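Enquirer: There's a structure below that I have some questions on.
The values are calculated or read from the model by the stated rules, or taken from the named source; none is laboratory data. The shown structure was predicted, so the numbers you read here are calculated from the model rather than taken from an experiment. With ideal geometry, Cβ positions are generated from the backbone for all residues, glycine too; neighbour counts draw on all protein chains shown. The protein model used for the area step is the full one, side chains on, heavy atoms only, and it has no ligands, DNA or RNA in it. Shrake-Rupley method; radii C 1.70, N 1.55, O 1.52, S 1.80 Å.
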Amino acid sequence: MAKIIVVTSGKGGVGKTTTSASIGTGLAVKGHKTAIIDFDVGLRNLDLIMGCERRVVYDFVNVINGDATLKQALIKDKRTENLFILPASQTRDKDALTLEGVEKVLNDLAEDFEFIICDSPAGIEAGALMAMYFADEAIVVTNPEVSSVRDSDRILGILQSKSRRAEVGNEPVIEHLLLTRYNPERVIAGEMLSVTDVEDILAIPLLGVVPESEAVLKASNQGQPVILDDKTRAGQAYADAVSRLLGNDVQHRFLEVEKKSFFKRVIGGR
Amino acid sequence: MTDLCFRLKGSVLTTVVLELHHFTDVEFRRQLEQKIEQAPQLLQQSPIVFDLDKYVGDPADIDPAALVQLCRELGLQPLGFRSCPALNGAIRNSDLAVLPTSSGRGTPFAEGSSSTNSAGASRTARESEEDSGKQQTARVPSKIVTQPVRSGQQIYARDSDLIIMSQVSEGAEVLADGNIHVYGGLRGKALAGVQGDMTARIFCHSLEAELLSVAGNFMLSEDLPEHLWKKPVQACLDDGTLYVEPL
């Protein structure tokens, strides 16, 4: 049985696609056959972050409309075994997705994959609803600031009322909080909400805290999921999150201000 | 022994009695609509008996069919006529029951007294809309919510209390005709007694609300006493003014 995980947030620009790319890659690296689907029809980004933009021939909408088979549209990742990407259509809009079409694609994928990561578009409209509707689990990506937290709260409410699990009365969607762009120094300065604040407001279990890092932007621009760079703190944080997602108990890191050693200060640490 | 198809039983039925004083289409409709609006729970789909004992003038002037039709349009279920010898002919044509004249004294509907009349006679509805606004005609179980109420969600407990076992997020709204209990942080809006119950209260574990309201008397977060912020409190009305006190 494939597990369908939606990566969602409500608010835009908080790191959904970055997270989808890294979590999907992390699961595949650990030997789980994983597909990442870009639900952001019209604003396709996942292919860029995964570095496969030149290899997009057919897309999600083509498969839904029957213009291409799933096999033709799935792009096999060149770096990571077991990893496939289903890109969104750039020329269509969100209305091109239908619940029946999405369900069919997910069912077909489920026969052959262990994890299906649905990279949700921002907002709470049709596209986002499609991405979350069939989910078993949800990773809610949140930045430590009030508007992002409120939007995440909103999306959690929608998950628990409008997903298929909610509608048919099955076990509720399992929720995970992933706090991204976290900067402990700014938390101390009172410019950012702390992990505790966000956990208190959203009241869902914490999957991970990804520190604010230049490495994320760099990795995105290079088309390489940041999790593959295990020397970066962000990469390590994502690896921890993947491990927790698979049920392991991993201590949270990067919550406190890093104490730079004298040596590091002289050399100039990250 | 054959299986009995039915069994006849005697039963006492509580209904609303409409004591007609005089009847003109327009005025009757206006007043009845007003009454129903005041106590929709009590009167919507309510069975009703017309009593013409107090009718001023000649009851023969009333068109029973028009009266029945009007009541049905407003959602009542007319059962029959009482105390109306002069009208019997016309009433039979309206297919409703003709009931014997009441032997006891019916309780005036709007006074909310708790007296009942003697055995066998019809009893009027005891509860009225003016009886502290608390309508206890039937016990409605409290609505219990175990999940957090998230931003953008609205939960309304009609005719009952609302119990939230979790938190109420900023941007969420919880409403009840009765009391509201929140066993978690109350960060959104809470409105108790929305149908006008002045005795309704709001209880919460941690007061961080955007708005508290009891029977339409509200307080915004900026009006809440600072020393009670994030404290367990209750909010209720005292002489029409909303106040918050620690639990």
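Enquirer: Take the residues in region B:141-163 that are in a strand (DSSP E or B) and within 12 Å of another protein chain (Cβ to nearest Cβ), then tell me which one is most open to solvent (accessible area, probe 1.4 Å).
Expert: B:Gln154
Enquirer: Still on this structure: Hey, can you tell me all the residues within region B:12-58 that are closer than 15 Å to B:Leu99 by Cα and polar (S, T, N, Q)?
Expert: Matches in region B:12-58: B:Thr14, B:Thr15.
Enquirer: Looking only at residues in region B:164-201 that are in contact with a Lys or Arg (Cβ under 7 Å, 6 or more places away or on another chain) and over 17 Å from A:Ser161 (Cβ atoms), which one is farthest from the other protein chains (Cβ to nearest Cβ)?
Expert: Ranking the qualifying residues of region B:164-201, first place goes to B:Thr199.
Enquirer: Another question about this same structure. Name the residue, out of A:Glu100, A:Glu81, A:Glu53, that is surrounded by fewer than 22 Cβ atoms within 10 Å (Cβ to Cβ) and under 25 Å from A:Leu207 (Cβ atoms).
Expert: Every option except A:Glu81 fails the conditions.
Enquirer: Next up: When you look at A:His252, is it surrounded by fewer than 22 Cβ atoms within 10 Å (Cβ to Cβ), closer than 28 Å to B:Gly185 by Cα, at pLDDT 95 or above and not aliphatic (A, V, I, L, M), yes or no? Spell out how you get there, then give the answer.
Expert: Working: surrounded by fewer than 22 Cβ atoms within 10 Å (Cβ to Cβ): yes; closer than 28 Å to B:Gly185 by Cα: yes; at pLDDT 95 or above: no; not aliphatic (A, V, I, L, M): yes.
No; evaluated as a whole, the condition is false for this residue.
Enquirer: Run A:Ala131 past the list (1) crowded, with 19+ Cβ neighbours inside 10 Å; (2) within 13 Å of chain B (Cβ to nearest Cβ) and report the number of the one that doesn't hold.
Expert: (2)
Enquirer: Oh, and also: If A:Asp95 satisfies all but one of (1) in contact (Cβ under 8 Å) with a residue 40 or more places away in the chain; (2) open to solvent by 60 Å² or more (accessible area, probe 1.4 Å), what's the number of the condition it fails?
Expert: (1)
Enquirer: Same structure again: So how many residues does region A:139-196 have that are of a type in the set (A, V, I, L, M) and open to solvent by 50 Å² or more (accessible area, probe 1.4 Å)?
Expert: Number of matching residues: 5.
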